[in-house]
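The next block holds one structure in the form of structure tokens; read it before the comments.
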Amino acid sequence: MTQNTFYPPARTLMGPGPSDVSPRVLQALSRPTIGHLDPQFIDLMDEIKSLLQYAFQTENTLTMPISAPGSAGMEACFVNLVEPGDKVIVCQNGVFGGRMKENVERCGGQAIMVMDDWGSPVDPGKVEEALKSHPDARVLAFVHAETSTGASSDVKTLVELAHRHDCLAIVDAVTSLAGSELRVDAWDIDAIYSGTQKCLSCVPGISPVSFNERAQQRIANRTHKVQSWFLDMNLIMAYWGKGAKRAYHHTAPVNAMYALHESLLMVQEEGLENAWQRHYDNHMKLRTGLEALGIQFVVDEKSRLPQLNSVYIPEGVDDAKARSRLLETYNLEIGAGLGDLAGKVWRIGLMGYASKAENIALCISALKEILADR
Ligand SMILES: *Cc1c(COP(=O)(O)O)cnc(C)c1O
């Protein structure tokens, strides 16, 4: 068998991530690799940290990219902030809350679940009940933008509740960062993680995280060693935190960091508020087109994510066949439903660079043909 160079097809990525990566970011990725302790790379790391502070709207000094995907950012928050025996209130309204529960339990903690329907936001009333019934809980964890359903939860209210009951708040912002309003300092979020392949439109495989003073104190006062060597923030800080005195911890994915830097520059050039507005405006355009085809949204209007549109599969349309026709004929990827919603919904992403008029037009015209052929 002859092995050949892999040339991927030119797809339009309108699923739950990865989203289309801009040519600027791909060019950055292909620049020559330098050493990860090269003084110029260290300067780049400092720039990435300050660009991430802007994207997260925070002055937290402990703000940096973890060299692994969003799931590792999630794990970094839990392994550092949860100790054996800790009670953690975990909100689940889709796939990712279930993974938070797994993380808590693998840290030796006890997860108290607050369940909401798939497609609904986290209910602050239920969270308050759980916090009152478990006054010894130490952490509240929830997902801002549930990519599995397209529902957005009220971060500010949930973080306030956590603090009123002496809990730290861990927030999953993998799909929300740069796509919808998110203010780490103004909303007083203690620990947050994101991903690069959703609204940052960067290559997959990196997870920006940020911890505030309160979270750093919690880490400093731990009585057990963090059980993950790779994700122990005390050790990662010695690599990412100390300017020229940086010590080897692992080899940063150097070229992926060029890409992240470029994608963050693009966010800064556009302006964060403008990026949020663009995601909203394009969501409204897509919505008009979908509704004209008789396609209905899963999530109530007030909790819809602009960057992830969950819609019911129209009657008479075969889910798998329709998605493979979109892929093969139009080079267009949209997402399938997950869990309870599998086979019932499609997830249409408008994330980052992919949130633009041409993609909406392509998606609507392709769906129109599929519906016409029912
Ligand atoms: C995509 C996603 C993750 C996981 O990110 P990976 O980069 O796939 O590991 C976690 N949480 C949410 C809400 C996501 O959308």
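A few comments on the model shown:
- As a size descriptor, the averaged projected area of the C-alpha convex hull of region 315-367 was calculated at 4.0 nm².
- Extension gain from residue 222 to residue 284, taking 0.36 nm per residue of separation minus the Cα-Cα distance: 17.7 nm
- For the chain, the relative contact order works out to 26 percent when only alpha carbon pairs closer than 8 Å and six or more residues apart are counted.
- Between residue 186 and residue 2, residue separation times 0.36 nm minus the direct Cα-Cα distance comes to 60.6 nm.
- When the charge dipole of the chain is built from unit charges on Cβ atoms (+1 for Lys and Arg, -1 for Asp and Glu) and taken about the Cα centre, the candidate among 348, 327, 317 whose Cα reaches farthest toward its positive end is 327.
- Sparse packing (at most 12 other Cβ atoms within 10 Å of the Cβ) combined with a DSSP loop state is found for the following GluC sites (Glu not before Pro) in region 267-316: 315.
- Surrounding net charge for residue 316, when Lys and Arg each add one and Asp and Glu each subtract one, Cβ distance under 11 Å: -2
- Electrostatic dipole magnitude of region 246-374 [Cβ: Lys, Arg +1; Asp, Glu -1; Cα centre; debye, to 20]: 120
- Packing-based ranking, highest mean first, of 150-158, 277-285, 31-39 given that Cβ atoms within 10 Å are counted: 150-158, 277-285, 31-39
- With DNA, RNA and ligands ignored, accessible area of residue 347 (1.4 Å probe; Å², nearest 10): 20
- GluC sites (Glu not before Pro) within region 23-125: DSSP coil, no more than 13 neighbouring Cβ in 10 Å: 59
- Annotation: amide H of residue 175 within the under-5 Å range of 145, sequence separation 5 or more or interchain, hydrogens built in the peptide plane.
- A straight Cα-to-Cα reach below 23 Å connects residue 225 with the lysines 87, 101, 242, residues fewer than 8 places away in its own chain not being considered.
- Within region 152-246, the proportion of C-alpha pairs whose separation exceeds 20 Å stands at 46%.
- The listed peptides 196-207, 303-314, 222-233, ordered by packing as a protection proxy, come out as 196-207, 303-314, 222-233 (highest mean of other Cβ atoms within 10 Å first).
- Taking a point 7 Å out from the Cα of residue 362 in the direction of its Cβ, the residues of region 18-55 whose backbone N falls within less than 13 Å of it are 19-23.
- Sulfur and carbon atoms: percent of accessible area, region 160-254 [1.4 Å]: 53
- Modelled spin labels at residue 110 and residue 160, positioned 7 Å past Cα toward Cβ, are 3.0 nm from each other.
- In region 1-76, the ratio of gyration radius to Kirkwood radius, Rg to Rh, stands at 1.04 when only Cα atoms are counted.
- Using the average count of surrounding beta-carbon atoms within 10 Å as a protection proxy, the listed peptides 64-74, 332-342, 128-138 rank, highest first, as 64-74, 332-342, 128-138.
- Inverting the pair-averaged 1/r between distinct Cα atoms of region 1-160 gives 18.8 Å as its Kirkwood hydrodynamic radius.
- Charge dipole of region 44-173 about the Cα centre (unit charges at C-beta), most positive-ward option of 139, 161, 52: 139
- Summing Cβ point charges (Lys, Arg +1; Asp, Glu -1) relative to the Cα centre of the chain gives a dipole of roughly 580 debye.
- Ordered by solvent-accessible area of protein heavy atoms (1.4 Å probe), largest first, the residues 43, 166, 185 come out as 166, 43, 185.
- Among the DSSP helices (H) of the chain, those spanning at least 15 angstrom by Cα along their long axis with an average Kyte-Doolittle hydropathy of -0.5 or more are 39-56, 70-81, 254-270, 357-372; this is a geometric and hydropathy rule only.
- Cα principal axis extents for the chain, largest first, Å: 63, 55, 46
- Listed by chain and number, the aspartates and glutamates whose alpha-carbon sits under 14 Å from that of residue 344, ignoring those within fewer than 8 places in the same chain, are 315, 318, 319.
- Separation between Cα centres of region 206-247 and region 99-119, rounded to whole Å: 23
- Shown here are the Rg and Dmax of the Cα trace of region 189-311, at 19.5, 60 Å.
The values are calculated or read from the model by the stated rules, or taken from the named source; none is laboratory data. Just so you know, these numbers come straight off a predicted model, no measurement behind them. Note that we place each Cβ from the backbone using ideal geometry, even for glycine, and neighbour counts take in every protein chain shown. Surface accessibility is based on the protein's heavy atoms, side chains included, excluding ligands, DNA and RNA. Shrake-Rupley method; radii C 1.70, N 1.55, O 1.52, S 1.80 Å.
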